[in-house]
1. Taking the Cβ of T4 as the center, what net charge do the other residues with Cβ under 11 Å away carry, scoring Lys and Arg +1 and Asp and Glu -1?
2. With each label point set 7 Å from Cα along the Cα-Cβ vector, what nm distance links K39 and E6?
3. Enumerate the calculated ³J(HN,Hα) couplings along segment 65-72 in order (Karplus 6.51 cos²θ - 1.76 cosθ + 1.60, θ = phi - 60°), each rounded to whole Hz, writing x wherever the residue is Gly or Pro.
4. What number do you get for the chain when its Cα radius of gyration is normalised by 2.2 N^0.38 Å, N = residues?
5. Can you tell me which of K39, K30, K20 moves the most in a GNM of the chain? Springs connect C-alpha atoms under 10 Å apart.
6. Only Cα pairs within less than 10 Å get springs; with that Gaussian network setup on the chain, which residue of L11, L19, L34 has the largest fluctuation?
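Computed from the coordinates by the stated procedures, all read-outs in this text should not be read as laboratory data. The model shown is predicted, which means the values in this text are computed figures rather than measured ones. Here the Cβ positions follow ideal geometry from the backbone for every residue, glycine too, while neighbour counts run over all protein chains shown.
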Amino acid sequence: MFHTIEFTKQLSVVLLVSLKQPLEQLFIHKGTRLNARIKPYVTETEDGFVEVADLFFEDGSTTSKVPFACFSFVEY
């Protein structure tokens, strides 16, 4: 299921488009809305545990370990 999310912070992520292509750098501006499937989990950092998610976009590209603090769900 795809969810519409809005980024609440400017963010730079590494985007995997295809296993045959090199990784891409994607800059996401605050306020950008995208549709994505979300795989949430918790990871440990130097500052403690952080809730993050892998995002699977409609075009087939993916990014991982995006902190939940950087996006919110858009309700219609």
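1. Here the charged neighbours net out to -2.
2. Between K39 and E6, the label points sit 2.8 nm apart.
3. 6, 7, x, 4, 5, 9, 8, 9
4. Numbers: Rg = 12.4 Å, N = 76, 2.2 N^0.38 = 11.4 Å.
Taking N as the residue count of the chain, the ratio is 1.09.
5. Its mean-square fluctuation being the largest, the pick is K20.
6. Fluctuation is largest for L19.
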